[in-house]
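The structure appears below as structure tokens.
The values are calculated or read from the model by the stated rules, or taken from the named source; none is laboratory data. Bear in mind the structure is a predicted one, so any value in this text is a computation, not a measurement. Positions of Cβ are generated from backbone atoms using ideal geometry, with glycine treated the same way; all protein chains shown enter the neighbour counts. Areas reflect the complete protein model, heavy atoms only, side chains present, ligands, DNA and RNA absent. Shrake-Rupley method; radii C 1.70, N 1.55, O 1.52, S 1.80 Å.
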Amino acid sequence: MDKNIFKVNGYFLDDEQKNIVKSDCKNILVIAGAGSGKSLTIVGKIKYLINVYNVRKEEILCISFTNYSCFSLKSSILKELNCEIEVLTFHKLALKILKYAGFNFSISENDLLEFMINEFFYYIFVDDVFYMKIVLRYFKINVLFKNVNILYRDLLINRKKDVDMLISKICTFIRLFKSSGKSYDYLEYVFFKEKHKFFNGSNVLFLLLVIKLLYEYNLELQSFGKIDFDDMIALASDVLNKKNIFFNYKYIIIDEFQDTSVVRYNLIKSLLLYSNANFMAVGDDYQSIYRFSGCELGLFLNFQSFFDDSKVYKIQTTYRNSLDLVKVCERFIKVNRSQLDKTLKSNVSLYKPIKVIYYSKQREMFYKLIVYLYNIGIRNILVLARNNDNLNDVLSDAFVVDDNNFLLLNGFEGLKIRFLTVHKSKGLEEECVVVISLVDDLWGFPNKKKDERIFNYVLLGKEKCPYAEERRLFYVALTRTKSYVFLLVNKYKPSIFVKEIIKNNPNYIEILKL
């Protein structure tokens, strides 16, 4: 066999990657560590299917989770094979199925749910005494013998932040409910169960609002002949099961499988059933960070229970991180117990890859750090934060933020600073990474806000380790770098994650004084 069959975009696949490419097992799970070349492995698999097994390009379907990741994968395939393979998001796959089945609809705006719930709270409920009382009682405001309208308007003005947080909580609950694949009857069952346990308690009041607003939201969609993204995936799965639509796929590949929800799993199972295609799922349970978007990590962890005739492969050599950083990160992430075991390797060594900088005034220290990095020759910097608001914690008048969230610093030519939340950095890498606002408080890193009990009805599976998802999120932040990662840490209330890695890895971490 021509050895170039294992050469992808200028790189030869390693032995673990080759084994995956050559596997003829019906269903494959690929556990791909951070920076281990999962995209190369996917492209290598497609190249092998076409050139060795004579699978036609039209018979291969790739699925990824974002438009950006789809574009990136398509570009890599085009570069290597000089042909286009179908690469779709789950939503575009669902849309294709529904159009094929003859459905005529338009897709709702992505923010319609938030917009509609805001409208109800700030404009429609003000004329509805019943729901004003529900909201007021939720906030433990006594409504007996008082003017409900005045109380409610005062609430909207004086406690706007609390009201907006309730709106956000309702939106999250509804989206989780939809992604769980449960029926509307289940929501009513939850309401009566809670009502029986805690009459007129906050969960009952919350569920009354959820049921009302979900009903109104569905009416809004129906009246305009629209469908939202969550319902579109569920409907596409239902159509496949009832209409027996046939797609001529022989191989289906899903990237970032650790982020699959129940409704997405149902869609894939239906598609595999009626196409009889082979299946390859690729992902990393260490990097599962979307639980509150409906991700069900159990589908990844228990892959062989959900897919018969299956085999699990691992790619464990990272081509991004140093071995020194790998040791710190693995010791940190393996505190979580519900994971699949793997041990990453690296051929690169780097002395003390994690640098800790303590601050009392973060804006001043951030500026000093950027100047320091520039002076030692670093030009490409990825700044990561737990929350969107953290950008304001570090920006002084010296910086300008452009439309693409790049930070500009006058007088520093060639300096490229990109600011993202850790969630948005997934799949990216950079020469150097700076993680900011590492403080021990409720909204710090880790975020210490506990899951509310009501979400247990729509979150599938309970985390066994404290801050398990926050730990995975910090792992993602640490592993974006191709060299060093710099941690800006509050001097008086340092993040418990930073304290942990310093305690457990004294030989790999340097305390940097600027």
Between the stretch 272-305 and the stretch 334-348, the Cα center-to-center distance that results, in Å: 18 Å
Derived scalar couplings ³J(HN,Hα) [the stretch 251-261; Karplus, 6.51 cos²θ - 1.76 cosθ + 1.60; whole Hz; x for Gly, Pro]: 8, 10, 10, 10, 8, 6, 5, 5, 9, 6, 9
Under Karplus coefficients 6.51, -1.76 and 1.60, residue-wise ³J(HN,Hα) of the stretch 293-305 in Hz, glycine/proline x: 10, x, 4, 10, 4, x, 5, 7, 5, 10, 3, 6, 7
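Quick one: net charge around Phe191, please, counting Lys, Arg +1 and Asp, Glu -1 for every other residue with C-beta under 14 Å from its C-beta. Walk me through the numbers on the way to the answer.
Working: positive: Lys182, Lys193, Lys195, Lys197, Lys212; negative: Asp185, Glu188, Glu194.
So the surrounding residues net to +2.
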For Arg175, solvent-accessible area (1.4 Å; no DNA, RNA or ligand), Å²: 70 Å²
Reachable aspartates and glutamates, given that their alpha-carbon falls under 14 Å from the alpha-carbon of Lys92 and they are not under 8 places away in the same chain: Asp228, Asp230, Asp231
Relative contact order (percent, whole number), the chain, Cα cutoff 8 Å, 6+ residue spacing: 18 percent
Percent carbon-and-sulfur accessible area, the stretch 163-286, ignoring ligands, DNA and RNA, probe 1.4 Å: 55 percent
Whole-number accessible area per residue in Å² for the chain, which is evaluated in the context of all protein chains at 1.4 Å: 47 Å²
Under-5 Å amide H pairs with Gly37, H placed in peptide plane, nonlocal only: Tyr319
Placed amide H near Lys345: partners under 5 Å, 5+ positions off or other chain: Thr317, Thr318
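State the percentage of accessible surface on the stretch 39-99 attributable to carbon and sulfur atoms; use a 1.4 Å probe and exclude ligands, DNA and RNA. Could the numbers behind the result be given before it?
Numbers: 1450 of 2770 Å².
C and S atoms contribute 53 percent here.
I need the GluC sites (Glu not before Pro) found in the stretch 411-446, filtered to DSSP loop residues with at most 11 other beta carbons within 10 Å of theirs. Write out the running numbers ahead of the final one.
Working: sites: Glu413, Glu429, Glu430, Glu431; in loops: Glu413, Glu429, Glu431.
Passing sites in the stretch 411-446 are Glu413.
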DSSP bridge orientation in the chain - percent antiparallel, rounded to nearest 5: 15 percent
Aspartates and glutamates whose Cα lies under 15 Å from that of Lys57, excluding same-chain neighbours fewer than 8 positions away: Glu80, Glu84, Glu86
Under the Karplus curve 6.51 cos²θ - 1.76 cosθ + 1.60, θ = phi - 60°, whole-Hz ³J(HN,Hα) for the stretch 448-459, x wherever Gly or Pro sits: 9, 5, 6, 4, 6, 4, 4, 6, 4, 6, 10, 9
Protection proxy ranking of 334-340, 99-105, 34-40, 367-373 - average other beta-carbon atoms within 10 Å, highest first: 34-40, 367-373, 334-340, 99-105
Candidate lysines for bridging to Lys146, where Cα separation is under 16 Å - those fewer than 8 sequence places away on the same chain excluded: Lys133
Of Lys7/Lys178; Lys18/Lys482; Lys96/Lys449, those spanning more than 32 Å from alpha-carbon to alpha-carbon: Lys7/Lys178; Lys96/Lys449
Listed candidates (1) 44; (2) 48; (3) 52 - label of the one calculated as percent of Cα pairs over 33 Å apart: (2)
